[in-house]
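Since the structure comes first, as structure tokens, the remarks are kept for the end.
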Amino acid sequence: MVHENCGVVGIFSLEGHNVIPFVIDCLRALQHRGQEAWGLAVPGKAPFRKLGLVSGAAPEFQTIVKRYRSHAAIGHVRYSTLGRSTLENAQPLKVKDLCIAHNGTIANVEELSGMVGGCTFTPQTMSDTLVAAQRLVTHIAESGDMKQAMKILKGEIVGSFCFTFLTDEGSVYAARDAKGFRPLVLGYHKDTGTYMVASESCALAAVGAVLVRDVEPGEIIKMSKAGIESQHFANEKPHAHCAFEYTYFAHPSSIMEGISVYGARKRIGQFLARQFPIRDADVVVPVPDSARPAALGYAQELGLPFEEGLLKDRYSKKGSMRSFIEPYHEDRIEINKGIIPIREVISGKHVIVVDDSIIRGTSSANITGTLRLAGARKISMVVTYPPVRFPCYAGIDFPSQEELVAYRQGMDEGPPAAAGPLVAKVIGADYVAYNDTSNLARAIGMDEKELCFTCSTGDYAPLGIRPVFKSRAQMKGE
């Protein structure tokens, strides 16, 4: 069973411009959202799908642009939260005359699969995206209307989704779930009369398009020769925007819900400095790369030196990769080996290392070990995200509770501050300070009720479920 927190793109040119170069460049800009596979689809052809990074196919770009030439297309970069990394699990998928790309997780996929003809359901072979596409095609055939079909599908689905759809007739659709768990934006490229939807605004900027607005929760957008049309298939309040997007997942240059991700991360660091002012430290160092703005904000707030004491080896085999979204433990270890200390910055000093999160503890333990070997006298770790104690069923890759270091230390309840000393012992730090949900929401600049903190609080009300927790082997089909 494959669940995704990925990157999606949907593009339509009113002037008949070949949009495939746009699709490729947008997907490259969204590569931080998925490193395992990528693909695109155009009307009337089977989807193109390929394992690995988009840039890995650079020698084929000219051929792809010519072979799939079209004024309408959708694209996808994959990051699996469940299921194996195989070409069969890559997207877009095609069901009858509809191609689909999905960012999110459908938590009740077993139940949903029973509605499509009693499919044999196993984690190795089934995809929540495929099941959703089959249900949607059925609803379209019965109702003859995409909005009505999405309204019915929304009533059947428990979970998160941002979909892009492509019909054989050449219309492009985009839909965002009513809670707004995952981001989705609308943009416009003036020179070519091209409308675009993408997971993040950084994809629009990569091709010279301007951000028009966020796609609203519960909204479906249609792009066709008639222009752009918008309808709402659902309206729910409060929303449940993923707070983890703001601390880690999204690109710092993106704007989500009208909020600059870079600005939010810098404020998070400033707010953490007010809550946990470590004034006897010598230097503030970020864990590369997503924690950099928060570390800068923390250092500036307390007037401490900010230094790049840890650097990624960009020339190693996996130097450009993000360890958190790698599906296998050994690959995460390999990426973390590529973090190199600058001894002159660290040796003999009390180092505050700022990180975006501590999930499994593997990366954090490697970081503290690296700092010790470089001569750090004392290590304090400040974490921008609260303790992750519960599995995510809305599209982030911590599907089992057993792998979460805060939970393993007995922290399935209690204040975030209590987790710090317990986790510090596990990762080898002298001190660990976790953010809390209220402080994080204020720093982001959003009402706490509009954000999803289920993975920290264990409150699954935004999803409307009481999950039965499974092991990672059960969830991933390993």
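The values are calculated or read from the model by the stated rules, or taken from the named source; none is laboratory data. All values reported here derive from a predicted model rather than from experimental measurement. Methodologically, a virtual Cβ is constructed for each residue, glycine included, from the backbone with ideal geometry; neighbour enumeration extends over all protein chains shown.
Of the residues screened, residue 31 is one that is polar (S, T, N, Q), within 23 Å of residue 205 (Cβ to Cβ), out of contact with any Asp or Glu (no Cβ under 8 Å at 6 or more places or on another chain) and buried (at least 19 other Cβ atoms within 10 Å of the Cβ).
With respect to residue 18, determine if the residue is part of a loop (DSSP other than H, G, I, E, B) and within 21 Å of residue 187 (Cβ to Cβ). Yes. Among the residues in the range 258-271, are any in a loop (DSSP other than H, G, I, E, B), on the phi < 0 side of the Ramachandran plot and not β-branched (Val, Ile, Thr)? Looking for residues that are in a loop (DSSP other than H, G, I, E, B), on the phi < 0 side of the Ramachandran plot and not β-branched (Val, Ile, Thr), one finds none in the range 258-271, hence no. Just name the residue that is farthest from residue 360 (Cα to Cα) out of those in the range 402-426 that are under 25 Å from the mean Cα position of the chain (by Cα) and among the β-branched types (Val, Ile, Thr). Here the residue is 423. Of the set (1) in a strand (DSSP E or B); (2) at pLDDT below 95, all apply to residue 174 but (2). Mind checking whether some residue in the range 381-398 is assigned to a loop (DSSP other than H, G, I, E, B), within 23 Å of residue 416 (Cβ to Cβ), among the charged types (D, E, K, R) and in contact (Cβ under 8 Å) with a residue 60 or more places away in the chain? Yes, because at least one residue in the range 381-398 is assigned to a loop (DSSP other than H, G, I, E, B), within 23 Å of residue 416 (Cβ to Cβ), among the charged types (D, E, K, R) and in contact (Cβ under 8 Å) with a residue 60 or more places away in the chain.
Is one or more of the residues making up the range 118-127 at pLDDT 95 or above and in contact with a helix residue (DSSP H, G or I) (Cβ under 8 Å, 6 or more places away or on another chain)? Scanning the range 118-127 turns up no residue that is at pLDDT 95 or above and in contact with a helix residue (DSSP H, G or I) (Cβ under 8 Å, 6 or more places away or on another chain). Answer yes or no: is there a residue in the range 106-115 that is farther than 18 Å from residue 11 by Cα and either part of a loop (DSSP other than H, G, I, E, B) or at pLDDT 95 or above (or both). Yes, the range 106-115 contains at least one residue that is farther than 18 Å from residue 11 by Cα and either part of a loop (DSSP other than H, G, I, E, B) or at pLDDT 95 or above (or both). If we scan the range 125-138, do we find a residue that is under 23 Å from residue 257 (Cα atoms), among the acidic types (Asp, Glu), surrounded by 23 or more Cβ atoms within 10 Å (Cβ to Cβ) and touching a residue at least 40 places away in the same chain (Cβ under 8 Å)? Scanning the range 125-138, I find no residue that is under 23 Å from residue 257 (Cα atoms), among the acidic types (Asp, Glu), surrounded by 23 or more Cβ atoms within 10 Å (Cβ to Cβ) and touching a residue at least 40 places away in the same chain (Cβ under 8 Å), so the answer is no.
Scanning for something out of contact with any Gly (no Cβ under 8 Å at 6 or more places or on another chain), surrounded by 24 or more Cβ atoms within 10 Å (Cβ to Cβ) and not in a helix (DSSP H, G or I), does the range 288-310 turn up at least one residue? So far as the range 288-310 goes, yes, one or more of its residues are out of contact with any Gly (no Cβ under 8 Å at 6 or more places or on another chain), surrounded by 24 or more Cβ atoms within 10 Å (Cβ to Cβ) and not in a helix (DSSP H, G or I). Residue 264 - would you say it is in contact (Cβ under 8 Å) with a residue 24 or more places away in the chain, out of contact with any strand residue (DSSP E or B) (no Cβ under 7 Å at 6 or more places or on another chain) and among the small types (Gly, Ala, Ser)? The answer is yes for residue 264. When restricted to residues that are of a type outside the set (Gly, Ala, Ser) and in a strand (DSSP E or B), the range 177-224 contains 18. Checking each residue in the range 273-287 for being in contact with a Gly (Cβ under 8 Å, 6 or more places away or on another chain) and in a helix (DSSP H, G or I) picks out only 273.
Counting only residues that are within 23 Å of residue 247 (Cβ to Cβ) and either under 24 Å from the mean Cα position of the chain (by Cα) or of a type outside the set (A, V, I, L, M) (or both), the range 333-390 holds 33 of them. Of the residues screened, residue 281 is not one that is touching a residue at least 24 places away in the same chain (Cβ under 8 Å), in contact with a strand residue (DSSP E or B) (Cβ under 8 Å, 6 or more places away or on another chain), closer than 29 Å to residue 214 by Cβ and not aromatic (Phe, Trp, Tyr).
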